[in-house]
Every structure is written in structure tokens, then in C-alpha cells.
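Derivation of every value follows stated rules applied to the coordinates shown; laboratory data play no part. If you're wondering where the values come from, they're calculated on a predicted model, not measured in any experiment. Cβ placement follows ideal geometry from the backbone for every residue including glycine, while neighbour counts extend to all protein chains displayed.
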Amino acid sequence: MTRPDTTHAIRDAELGGRRAPGPIRSVIQASWRRMRVQGMSPGGAPEIAPLAQDDLYRRREVSGLQPLMPLLRQHLLPACAATGQLMVVADVEGRVLWREGQPGVLRHADHLGFVGGSAWTEGNVGTNAIGTCLVTESPVHIHAAEHYAEAHTPWTCAAAPLRDPATGRVLGVVDLSGPAHTVHAGTLSMVSLAARLAELELRSAAQERLHGLRSIAAPLLARLTGRALVVATDGSVAAATGFVPPERVGLPIGFAGGDAWLAGFGLVVGEPLPGGWLLRMPAGDDVESASIASISLDLAARAPTVTLTGAGGTWTHELTPRHGEILLSLLMHPEGRSASELADDLFGDPERTVTVRAEMSRLRKVLGSVIAHRPYRIAHDVRADLIAPADRRSVLTGSSAPVVARWRA
């Protein structure tokens, strides 16, 4: 590991616009670049106040992370006790939902503003393990002077994403943090393993639900002709007849049966089942007649949404923050963006094309041919609109994507 005096000299030179006296990890360099594009000062203070206690409790309940806490405590709290660190679990917006450890290190974290309900996105506090993990969606260790904010340089932290295995969405982050002297080479491996075990637990529970739904649906599908799907409420496919199905379909927000537009299928008709839906597929010729005429990206709400309108109706889908950033970039560049250009828009790093292509694959499961490729763009026959508040600073508040910073400015 680089000596502390050297890392501070590297940090001071790089953030001061001078030639650094040593190498900087690419993940740190890209994060610092995002902070500069955003105009954040290394000496600045967080702009978002912590949540009130009632709001914090509500966040815990809706996060989807509460069932994972016993497993995370079992695997990580003994290590915290041995090393003098904290275990922290944050939601997808970087809000600290749980923070557990010994009283001394909790008091130390209090002085940093690292408290329950605080927001630890890059866009709020600069380069840190929770926020940078949410941007990269991969495990990351940020040590001492690698933090962007000067006040955080006495700290070390390692974080890994907690994913919903059914949807691929990041639900939040699990983090081990403490004073810089508590750094340990195995911390990142430990937190990554705990995140992986949590994902396996979620996957097992989801498979049990699908198995029950499959048992209910089997006699019903046996009597049907044509194509049909049986899906859980999150869109995971339990069974199908008439064709080889995808693993998951994107259901609109608040889907209550009846007509719906699904990417790759067009209009379908949904009928309720215990724990899911029976979706009857159209004949092949009906898919084209149910195409989408317009989309509207709404950035005015807490979570970005996209509304699709076609001849058969209007349907709204909630997006991940990342997908909101992608659609914003495509709306700002109607001529289209290459994978490299999108990587620069999202991460300040044009080399992150593999991540971009994976995200575009997930987004196309919701929007289908509405998103054209080579380059990525909104299809030429689809009208696209943007809904946003007058104060753009209130949009995607946790985002540090350069495209969002440029749009706000």
C-alpha cells in the first residue's frame, strides 16, 4: 500500500491541477473527475440533511434490505468488533439505513456526519466507498487521501453492491468503515463475500416463490392454446407455453391486469394469479400494430419514471437512477451516443463500455425497440419529451454523472 504521506501528496497535486508524484487508481481518478465536472470543492460540506427518524424507519421498510440484516450482521459484525470498524447498510440513494459497531467508532463517525439517514452519494459528499460503489455498481475500497473531501481523509471504507438477483437492480450497499489505521487488506473481500451471500439468500427466496407460482399455473397453461406467460409480480417468468420465454419482463407500475405493452411482445392481456399474472401473448402480426408512439421521461419525482404511449394505451415504468441518466443523455443527444460517449456521460470514463452495454441491455427489456442502437438513440419514429422541475438541482440529487452535471448547469 502507498505510504500515507505519498497518497496525500498525490491527492494535493491532482486536485490542485499539478502533476501528481505517483500513480492514481483509475477508479479514484474517474471519481475525482466527476467531482470536478460537478464543481464540488474538496473542502465543501454535505448539502443534504439527514432524514428525520420517522422517514428513516420508512426507508428501511421499503428498501427491500431489512430481510438481509441478520445474515450481514452474522458475517460482518464479528470482524467489526475485531478491527474497530462499522458495518453500514445504505439504500440505492446512498442513505445510511443501518449503522452498527462499537461506541467509540460510532462517535468518530458522528463527527464526519456519517449518521443514520445521511446521504453518502458522490454527488453529496464526494468520492467515498458507498457513493462510488453506487456509481460503478462494483466493490470498491476507498482509503484515506483517496477520498475527495478533505474531512474524510482520516477514514477508510470498503463497500459492495447488494443486488436483486431477479431484476439485476442494485438495492443498496453494504460497507465496512473506520478510522484509517483500521485498514485491512481482506476487508474488501470480506464485504464482497457478504454481499454475495445476501444475493444468494434473495435468489433462494425468489426461486421458492416462482416454484409455488409454477405449481398453480401448470394445469392452467396445459389447457391454453397460443402463447402465454406466467410471471411473478416483479416480472420474473415462472412458466410459459407456445415459445421459449425470457427470464423476466418489465411490468408497468401498478399493473392490475388488463392490457399492457411489453417490450418484444407488444400488447398483452393480464389475468391475476396468486402471487403473479397470466399474460396472454398476441399473435405475431399484432406486435407491430401495438408499437409505441411517444415516451416521456419524468425527472420531477423522487425516482425517475418513463411513460410509454401507443395506440393501446399509456403505461409508466419506474427507472433506476442509472437508467434515468441514460435516457437524459439520449434526450440531450437525439443524434445518438456511442457506448464510449455514454460511458463518458455516465462515469467520466470512456473506457467503461462493457458496463454501458450491460445497462442498455437491461433498459431495452423495458423499452424494447424504442431504443435504437449503433449509435444508441431514441428511435426516429418515437416522440420523446422530458418533464423536469424549474430548479434542476433537485433532479437526481445523488447523481454525479457528468451528463447530469452539464444538464443542471
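Annotations for the structure displayed:
- Near GLY235: Cβ cut-off under 9 Å, other residues only, Lys/Arg at +1 and Asp/Glu at -1. The net charge is +1.
- In units of the rule-of-thumb radius 2.2 N^0.38 Å, the stretch 224-289 shows an alpha carbon radius of gyration of 0.99.
- Order by protection proxy (mean Cβ within 10 Å, highest first), peptides 334-342, 142-150, 318-326, 383-391: 142-150, 318-326, 334-342, 383-391
- The chain: relative contact order as a whole-number percent, Cα under 8 Å and 6+ apart: 12
- Listed residues SER340, TRP407, ALA372: farthest to the positive end of the dipole of the stretch 317-409 (Cβ charges): ALA372
- By other beta-carbon atoms within 10 Å, ranking ILE48, ILE253, ILE378 with the fewest at the front produces ILE253, ILE48, ILE378.
- Per-residue Cβ neighbour counts within 10 Å put PHE265, PHE347, PHE243 in the sequence PHE243, PHE265, PHE347, beginning with the fewest.
- Taken as entire DSSP H runs, the helices of the chain that both span 15 Å or more between Cα atoms along their own long axis and average -1.0 or more on the Kyte-Doolittle scale are 4-15, 26-38, 69-83, 187-222, 321-332, 353-367.
- Computed on the Cα trace of the stretch 124-207, the radius of gyration divided by the Kirkwood hydrodynamic radius gives Rg/Rh = 1.03.
- Ranked ASP381, ASP12, criterion: other C-beta atoms within 10 Å, fewest first: ASP381, ASP12
- Taking all pairs of distinct alpha-carbon atoms in the chain, Kirkwood radius in angstrom: 22.7
- Mean separation of Cα contacts under 8 Å, 6 or more apart, over the residue count of the stretch 292-408: relative contact order %: 32
- Only Lys, Arg, Asp and Glu carry charge here, each on its Cβ (+1 for the first two, -1 for the last two); on that basis the stretch 286-409 has a dipole of about 220 debye about its Cα centre.
- Contact order, relative form, for the stretch 1-139: 22 percent (alpha carbon pairs under 8 Å, 6 or more residues apart, mean separation divided by residue count).
- For the stretch 214-272, trypsin sites (Lys or Arg not before Pro) are listed when DSSP marks them as loop and at most 16 other Cβ atoms sit within 10 Å of their Cβ; the list is ARG223.
- Neighbours of GLY348, meaning other residues whose beta-carbon lies under 13 angstrom from its beta-carbon, give a summed charge of -2 when Lys and Arg score +1 and Asp and Glu score -1.
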